[in-house]
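To keep things clear, I will list the structure first and then write my remarks on it.
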Amino acid sequence: MSRSRDGDLREQVAVASQVLALEDHGDLIWGHVSVRDPEGRGVWMKASTWGFEEITPERVLLVGWEGEVLAGEGRRHAEYHIHTEIMRARPDVRSVVHTHAPHAVAFASLDQPVRPISHEGTFFVPPDIARFTKTGDLILTQELGHALAAVLGRRNAALMIHHGIVTAAEDVETAVVGAILLERACWKQLLAMAAGELKSWSSDEEALAKRAHCYPPELVRQAWAYLVRRAQTRRAAS
Ligand SMILES: [Zn+2]
């Protein structure tokens, strides 16, 4: 593995962390995004003890499948099992995001289905969003990581009650945009539910059509490019 390729992977995780910070996915120093190591050594993810907005390529670690730090300086997150177990279960997944996105956490506690009342919800629904309910505690063991991966199944996201969200995708762009869309879908539904009972939302047919029209891979990449430009502009200004 060349140093430059490792550098590219570190950069991907750093940029993704910056983007998540700007979208208010940060929870002090908690939450993480990972990219699968192409050599199969494990996952590249942010070091713990830093907030999303503080992540530079130097603060990204290569974490092995058993949690060993194989490259980089610093401590790994205790919840690395979220990333390693989803990637073990899903060979197609190359990036996982786990955050404590506030509106998603609040929404999940209502035990209501996600309704596609705006564009964002159609990225996930139908069918209703997957929910991990085994525990609201941290994912500190391989067994819990495995159970979370089983709930996620072939889906692109799950709500983790009393805790946060997880998204999984074949690339970091889609995993991060997915996390942003899920938080926004939950925020808009909370906004509507705070004003009254939901009266209408897209049919399954309309939601599936919107998923194809609003979020094809090309548009997800364009949205990602915008998010990166915005993060870089903020970084340059600070
Ligand atoms: Zn967590």
Short version: ³J(HN,Hα) in whole Hz for each residue of region 104-114, in order, from phi by Karplus 6.51 cos²θ - 1.76 cosθ + 1.60 (θ = phi - 60°), x for Gly and Pro, what are they?
5, 5, 4, 4, 4, 5, 7, 6, 10, x, 6
If you plug each phi of region 63-73 into the Karplus form 6.51 cos²θ - 1.76 cosθ + 1.60 with θ = phi - 60°, what whole-Hz ³J(HN,Hα) values come out, in order, with x for Gly and Pro?
9, x, 5, 9, x, 6, 7, 9, 7, x, 10
Run the accessible area of the chain with a 1.4 Å probe and give the carbon-and-sulfur part as a rounded percent.
52
Neighbour count of at most 13 Cβ within 10 Å plus DSSP loop: longest trypsin sites (Lys or Arg not before Pro)-free window in the chain:
76-153
Other-chain or far-sequence residues with amide H under 5 Å of residue 42's (modelled H):
37
Shape of region 95-176, Cα gyration tensor, a/c cut at 1.5:
oblate
State whether region 11-52 is rounded, prolate or oblate according to the following rule on the C-alpha gyration tensor (a ≥ b ≥ c being the square roots of its eigenvalues): a/c under 1.5 gives rounded; otherwise a/b larger than b/c gives prolate, and the remaining case gives oblate.
prolate
Mean 1/r over distinct Cα pairs of region 122-169, inverted to a Kirkwood Rh in Å, yields 10.9
Report the relative contact order of region 86-238, percent, no decimals, based on alpha-carbon pairs under 8 angstrom and at least 6 residues apart.
33
Using alpha carbon centers only, region 162-238 is separated from region 28-83 by a whole-angstrom value of 24
Would you mind calculating the gained length between residue 133 and residue 199 on full extension (0.36 nm times residue separation, minus the Cα-Cα distance), in nm to one decimal?
21.0 nm
Remind me, relative contact order of region 123-182 in percent, using alpha carbon pairs under 8 angstrom and six or more residues apart?
35
Pairs of Cα atoms farther than 12 Å apart, region 193-237, %:
72
What are the principal axis extents of the Cα atoms in the chain, in Å, biggest first?
54, 42, 30
Have a look at the DSSP beta bridges in the chain and tell me what percent are antiparallel, nearest 5.
90
The chain - accessible surface per residue (Å², probe 1.4 Å):
47
Once phi for every residue in region 191-199 is put through the Karplus expression 6.51 cos²θ - 1.76 cosθ + 1.60 (θ = phi - 60°), the whole-Hz ³J(HN,Hα) values, with Gly and Pro written as x, are 4, 5, 5, 5, 8, x, 6, 5, 10
Compute the Kirkwood hydrodynamic radius of region 47-146, taking the inverse of the mean of 1/r over all pairs of distinct Cα atoms, and give it in Å to one decimal.
15.8
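The values are calculated or read from the model by the stated rules, or taken from the named source; none is laboratory data. Treat the numbers as computed from the prediction; the structure is a model and nothing was measured. Positions of Cβ are backbone-derived with ideal geometry, glycine not excepted, and every protein chain shown enters the neighbour counts. These accessible areas exclude ligands, DNA and RNA; they are computed on the full protein's heavy atoms, side chains included. Shrake-Rupley method; radii C 1.70, N 1.55, O 1.52, S 1.80 Å.
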